[in-house]
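Data first, discussion second: the structure below is written as structure tokens.
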Amino acid sequence: MNTTIQHVEPILGTLNSTVTLPGSKSLTNRALIVAALAEGTSVLTGVGLSDDTEAMLGALAALGVRTEVSGTTVTVHGRGATLAVPTVEVDANQSGTSARFLLPMLALAGSGTLTGHEQMRARPMGDLCDALRGLGAVVDGDRLPISVAGGVTGRAVSIGADVSSQFVSALLLAAPVFPDGLDLTLVGTPVSQPYIDMTISVMEAFGANVDAAPDRITVAAGGYRATNHAIEPDASTATYPLAAAAIVGGRVTVAGLGARSVQGDAEFAKRVLEPMGATVFVDEDSIEVRGSGLLDPLTVDLGDMSDTAPTFAALAAKASGTSAVTGIGFIRATKESDRVQASVDELNRLSVDATVDADGFTVIGADHVPAAVETYEDHRMAMGLALIGLTRAPVDVIDPGCVAKTFPGFWDMVAELRSEAQASPLVLAIDGPAGSGKSTVAKLISERLRLPHLDTGAMYRAVTYAVLTAGVTLDDHEAVRLAAENAEIIVGPSRVLIDGEDVTTAIREPEVTAAVSTVAANPGVRVVLAESQREWARRRGGAVLEGRDIGTAVFPDATLKIYLNASVEERARRRALETGDDDIEAMKAKIAERDHQDMTRETDPLTVADDATVIDSTSLTIEGVVDAIADAWISAEGR
Ligand code: DC
């Protein structure tokens, strides 16, 4: 056993990365089989090369299928139904999909022996052997090594679908080349149904004719058509960087994987990360997760995305309460390791309370202690456990090389997330005087950037309202500061509450507007509100904040600082339109007075930060301003 160790240190900062992941191992191995069985030459692009695909390529060579690998492109010279009888044992190594998918291929070749790595020899194959026997093949053995003599002659057979969907997929993939196709009855509720759907989607891409009902799938004979086929990035692999965004905080985007995906695990972000508190955007061709580092506990059935169980274990360890996964009892015998027991044992080793359940495991989220964790020669255990070390305390991952099974670049990706992390959360600071268009622009840009928006002026107004209503004298600085400190202020997208009272309209009344600059000049009030604004943004993994001192005092290291300005005349005209008060001269005077107060107060006056981008909106449209900020953001964010 390899005893090297990968030390994983917490990332102190906010993630901000777009990652490109290797092609799906599941799709790659399916496409390799189908292309090998097609008549003619197929080109597969975006292929995920890993130990598992290497095993498949080696096995195909033994079956007389020529392949050429160039970068992530594999050219496959398919042989249709005329596979060569292998002269050596065909080795699936540690690859479950290869072992399962290759067994019917040996039946197609007519004879041969399939073997594999010790770990693979322990994994079940029996149901698949029985099904092939039912189709007329002569199969010797129920675990690797297995010998096949004599091919498929029949058409109809039934198979237990509740052990591994790979058995079903294996039969389906070979079926168009069986003499009469296949009529497959599924007994029991299929586990991992999305994987069966994925198999069918690849078959159809190569021209197969499949008719699928929940308990019966028929495949017409007629072979496959060679074609050029792009492999999607691996959705199971995508769970690691996406979960990292939720755990560490910040943004991670996975490119090339989105709403169009045929992989069930592509739903992990929506089904697991979102209910745990992260913000998830699934676009056509990308998935983006924004997290705060704070996770809510979750109980979830992962029966149809069971490969994500180790990722879930890491998330559950970080959550603020008790989480549980159900529906995955079947993985205990079919995967590289017993991931239920292994997850529980390794979490316990990190001092996180976890227990094995009948159909999954339960975890009580807690701060873990640094420790070295075993990985059981299981790539997913290694990648899942590594996530735990990304916050709070380091984790040493034993035998880190096992990730090569599906994602040789995993540790490089972790290093990249770390090097691209930023010191502070993603913050767009928009400062400027009253009437410069901050609120309108901030709302629109927050939708464009998918960051929540906070109007900090509303907080000063809410405190002012509270102070005025309580009859506190504005000169009594300590009483005003205390009012700010004790108030519970909630500034939502459309409402403002103070101590539960809806003050959305009240804070815009002239009395509040007249007094707010005095309250805002109170240094004690500023300390209290600035800290709550920082906390607000941190908890949301970033924000657009508008105010007077965001770029100078609240977030001096904001990702981007905008100072939005406009002439006094223009600002007075806008306010007049808004309020219906058409005395422009009086409005100008009021605005100028408030500018003067905000710009000349001692504590955190309104000034242009040295590194702010100044935009004068006097003669610009709102869209023009929003576009200019969006452009500046893209380069500031480093995408
Ligand atoms: O943006 P507004 O007009 O709603 O802001 C009301 C007052 O609050 C403004 O006159 C100055 C003060 N303010 C501040 O001092 N610092 C902020 N970050 C936001 C507003």
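The values are calculated or read from the model by the stated rules, or taken from the named source; none is laboratory data. Bear in mind the structure is a predicted one, so any value in this text is a computation, not a measurement. Heads up, the Cβs are rebuilt from the backbone with ideal geometry, glycines too, and the neighbour counts pull from every protein chain shown. Accessible surface is based on the protein model in full, side chains and every heavy atom, while ligands, DNA and RNA are left aside. Shrake-Rupley method; radii C 1.70, N 1.55, O 1.52, S 1.80 Å.
TRP536 fails exactly one of the following numbered conditions: (1) modelled with pLDDT of 95 or more; (2) touching a strand residue (DSSP E or B) at 6+ places or on another chain (Cβ under 7 Å); (3) within 13 Å of the ligand (Cβ to nearest atom); (4) of a type outside the set (Gly, Ala, Ser). What is the number of that condition?
Going through the list (1) modelled with pLDDT of 95 or more; (2) touching a strand residue (DSSP E or B) at 6+ places or on another chain (Cβ under 7 Å); (3) within 13 Å of the ligand (Cβ to nearest atom); (4) of a type outside the set (Gly, Ala, Ser), TRP536 breaks only (1).
So which pairs qualify, if the first residue must be in segment 515-529 and under 11 Å from VAL554 (Cα atoms) and small (Gly, Ala, Ser), the second must be open to solvent by less than 30 Å² (accessible area, probe 1.4 Å) and near the ligand (Cβ under 9 Å from one of its atoms), the Cβ gap must be under 8 Å, and the two must be at least 6 apart or on different chains?
That search, which allows pairs on different chains as well, returns nothing.
In the list ALA415, ALA393, ALA421, which residue meets the criterion of being of a type outside the set (S, T, N, Q), farther than 28 Å from THR334 by Cα and touching a Gly at 6+ places or on another chain (Cβ under 7 Å)?
ALA421
One residue is enough: does segment 450-466 have a residue meeting the conditions under 30 Å from VAL491 (Cα atoms), open to solvent by 10 Å² or more (accessible area, probe 1.4 Å) and in contact with a Gly (Cβ under 7 Å, 6 or more places away or on another chain)?
Within segment 450-466, one or more residues are under 30 Å from VAL491 (Cα atoms), open to solvent by 10 Å² or more (accessible area, probe 1.4 Å) and in contact with a Gly (Cβ under 7 Å, 6 or more places away or on another chain).
Of the residues that make up segment 570-579, is at least one more than 13 Å from the ligand (Cβ to nearest atom) and within 28 Å of VAL280 (Cα to Cα)?
No, the conditions are met nowhere in segment 570-579.
Would you mind telling me which numbered condition in (1) out of contact with any Ser or Thr (no Cβ under 7 Å at 6 or more places or on another chain); (2) open to solvent by less than 50 Å² (accessible area, probe 1.4 Å) THR621 fails?
Answer for THR621: the failing condition is (2).
What are the residues in segment 539-550 that are open to solvent by less than 10 Å² (accessible area, probe 1.4 Å) and more than 10 Å from the ligand (Cβ to nearest atom), if any?
GLY541, GLY542, ALA543, VAL544
With segment 129-248 as the region, which helices (runs of 4 or more DSSP H) entirely inside it contain at least 3 residues that are over 24 Å from THR45 (Cα atoms)?
The helices (runs of 4 or more DSSP H) meeting that bar are 165-174, 235-248.
Which members of segment 249-276 meet the condition of being within 25 Å of SER419 (Cα to Cα), of a type outside the set (Ser, Thr, Tyr) and either free of Cβ contacts under 8 Å to residues at least 24 places away in the same chain or not in a helix (DSSP H, G or I) (or both)?
GLY249, GLY250, ARG251, VAL252, VAL254, ALA255, GLY256, LEU257
Would you confirm whether or not segment 598-609 contains a residue that is among the small types (Gly, Ala, Ser) and surrounded by fewer than 19 Cβ atoms within 10 Å (Cβ to Cβ)?
no
Considering only segment 432-473, how many residues are more than 10 Å from the ligand (Cβ to nearest atom), under 24 Å from VAL525 (Cα atoms) and of a type in the set (Val, Ile, Thr)?
Count: 4.
So, in segment 389-432, of the ones that are within 30 Å of PRO605 (Cβ to Cβ) and of a type in the set (A, V, I, L, M, F, W, C), which residue ends up most open to solvent (accessible area, probe 1.4 Å)?
Step by step, filter segment 389-432, then rank; the result is ALA423.
Condition first: crowded, with 21+ Cβ neighbours inside 10 Å and either in contact (Cβ under 8 Å) with a residue 60 or more places away in the chain or polar (S, T, N, Q) (or both). Now tell me which residues in segment 313-336 satisfy that.
Of everything in segment 313-336, those that are crowded, with 21+ Cβ neighbours inside 10 Å and either in contact (Cβ under 8 Å) with a residue 60 or more places away in the chain or polar (S, T, N, Q) (or both) turn out to be ALA313, ALA314, LEU315, ALA317, LYS318, SER323, LYS335, GLU336.
Checking ALA429 against (1) part of a helix (DSSP H, G or I); (2) within 16 Å of the ligand (Cβ to nearest atom); (3) under 24 Å from VAL248 (Cβ atoms); (4) at pLDDT 95 or above: exactly one of these is not met. Which one?
Only one criterion is unmet by ALA429, namely (1).
Which of the residues that make up segment 59-89 are crowded, with 17+ Cβ neighbours inside 10 Å and assigned to a helix (DSSP H, G or I)?
Listed by number, the residues that qualify are ALA59, LEU60, ALA62.
Could you list, in sequence order, the residues of segment 499-533 that are within 10 Å of the ligand (Cβ to nearest atom) and touching a strand residue (DSSP E or B) at 6+ places or on another chain (Cβ under 9 Å)?
Once the filter is applied, which keeps residues that are within 10 Å of the ligand (Cβ to nearest atom) and touching a strand residue (DSSP E or B) at 6+ places or on another chain (Cβ under 9 Å), segment 499-533 yields ILE507, LEU529, GLN533.
Taking ILE287 as meeting all but one of (1) touching a residue at least 40 places away in the same chain (Cβ under 8 Å); (2) open to solvent by less than 50 Å² (accessible area, probe 1.4 Å); (3) within 23 Å of THR362 (Cβ to Cβ); (4) in contact with a helix residue (DSSP H, G or I) (Cβ under 8 Å, 6 or more places away or on another chain), write down the number of the exception.
(3)
Does segment 554-569 hold any residues that are within 16 Å of the ligand (Cβ to nearest atom), of a type outside the set (Ser, Thr, Tyr) and open to solvent by less than 20 Å² (accessible area, probe 1.4 Å), and which are they?
Result: VAL554, PHE555, ALA558, LYS561, ILE562, LEU564, ALA566.
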